[in-house]
Amino acid sequence: MKTFRCQCGHKLFFGSSHCVSCKETVGMCPTCREVTALKSLGDDAWQCSNQACGQKLKLCQNRIDYEACNCTVASEVEDQAFCTYCRLNQVIPDLSIEGNLVKWRRLEAAKRRVLYGVETIGLPIGDPSRNDFLPLKFEFKEDDTQPVSTGHACGLITINLKEADSVKREQTRVEFGEPQRTLIGHFRHELGHYYWDMLVEPSKLEAFRQLFGNEENPTYPEAQSAYYANGPKPNWQSQFISAYASMHPWEDFAESFAAYLDMTSIVCTAQAFPRINADVPPDDFDAWLKAYREIGVMANEFNRDIGLLDLVPEVFNKPVIEKLRFMHDLKDIRVQSPESSSSA
Ligand SMILES: [Zn+2]
Ligand SMILES: [Zn+2]
Ligand SMILES: [Zn+2]
Ligand SMILES: [Zn+2]
């Protein structure tokens, strides 16, 4: 993801709600699609500070109530309490249960990032309030008397809340031998099923079948039983992006779609960053630190693009910088040879 700029000149990130430098309230404006400082107009009314935009805004209700969103609503254009991403929610977790608010915020952050990326490359998102495309809906549910399966059906994407628990998710990843398992990845995969229903089945079915196989033979339940009984297709690496993709043409499409969104987000991020000069003189500590910070911001954005943890710390405080400088200077210390008396 690209980074954004506050009116004070400081860097803002896709998930920013406040500027860490000037402390202004910031948010995503739906009109110019920038994270910008929001100018207060009083009475919960705000204005986008991007001079080319100036849209009158109100904060998304999920931001006001739960800090679960950093988006806004174009108040003169839409009579909506929720932003375009939050209004797709059908079911949110029971927030009276301890820990659920934190997990839900993680789900919303991943959902926003993935949907913004989908819009950036020009794919339509069906808004249930408009009825233009297949309406896209989300439900975030917990295992109850019935276990909740993460999946997609007719525009409704269900995510099991436990996927937002990083320890449990990592356990599942190891259990299934997956190279990665992330919330971002889940949303991209399930969106693959959504776009198959909306775009592929009605108009590209023959081309799909030539590439991915016939989704009616074997049927999905047959393919699923075979996969869980016998494991992935032998030699799947020569044909599929993942072992799971070899289960059925629908899963192959969803896995390939997720990989395509990984690719577009990484390339868009690279386009948004200037070429970084890492050719620093060996002795110039400040040049090393500057290069590390610049590379770090971009590397973090690459990791965030695919839902991984940050590669480097976002902030280096002054005491830490001086400690790093101390390390840098260690090589200049002349090592004293042991005194002749001690070696005797
Ligand atoms: Zn600022
Ligand atoms: Zn704007
Ligand atoms: Zn929202
Ligand atoms: Zn799937």
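Right, Gly155: under 26 Å from Leu308 (Cα atoms) and touching a residue at least 40 places away in the same chain (Cβ under 8 Å) or not?
Criteria not met by Gly155.
So, in segment 243-281, how many residues would count as being assigned to a loop (DSSP other than H, G, I, E, B) and within 11 Å of ligand 4 (Cβ to nearest atom)?
Qualifying residue count for the region: 2.
Return a yes/no flag: does segment 178-197 have any residue that is surrounded by 12 or more Cβ atoms within 10 Å (Cβ to Cβ) and within 16 Å of ligand 3 (Cβ to nearest atom).
yes
Within segment 74-90, is there a residue that is surrounded by 14 or more Cβ atoms within 10 Å (Cβ to Cβ), more than 24 Å from Tyr194 (Cβ to Cβ) and within 16 Å of ligand 2 (Cβ to nearest atom)?
Yes, there is a match, as at least one residue in segment 74-90 is surrounded by 14 or more Cβ atoms within 10 Å (Cβ to Cβ), more than 24 Å from Tyr194 (Cβ to Cβ) and within 16 Å of ligand 2 (Cβ to nearest atom).
Filter segment 73-103 for residues that are in a loop (DSSP other than H, G, I, E, B) and in contact with a Ser or Thr (Cβ under 9 Å, 6 or more places away or on another chain) and give the result.
Across segment 73-103, the qualifying residues are Val77, Glu78, Gln80, Cys83.
What residue, of Cys48, Cys69, is more than 12 Å from ligand 3 (Cβ to nearest atom) and not assigned by TED's automatic domain parsing to the domain that holds Val315?
Result: Cys48 is the single residue among Cys48, Cys69 that is more than 12 Å from ligand 3 (Cβ to nearest atom) and not assigned by TED's automatic domain parsing to the domain that holds Val315.
For segment 3-49, name all the residues that are more than 11 Å from ligand 1 (Cβ to nearest atom) and of a type in the set (Phe, Trp, Tyr).
Result: Phe13, Phe14, Trp46.
Please indicate, with yes or no, whether at least one residue in segment 54-67 is within 11 Å of ligand 1 (Cβ to nearest atom) and touching a residue at least 12 places away in the same chain (Cβ under 8 Å).
no
Specify which of the listed residues (Ala270, Ala291, Ala245) is under 20 Å from the mean Cα position of the chain (by Cα) and not polar (S, T, N, Q).
Only one candidate qualifies: Ala270.
The values are calculated or read from the model by the stated rules, or taken from the named source; none is laboratory data. In this text, all values refer to a predicted model and were calculated from it rather than measured experimentally. All Cβ positions, even for glycine, are placed from backbone atoms using ideal geometry, and neighbour counts span all protein chains on display.
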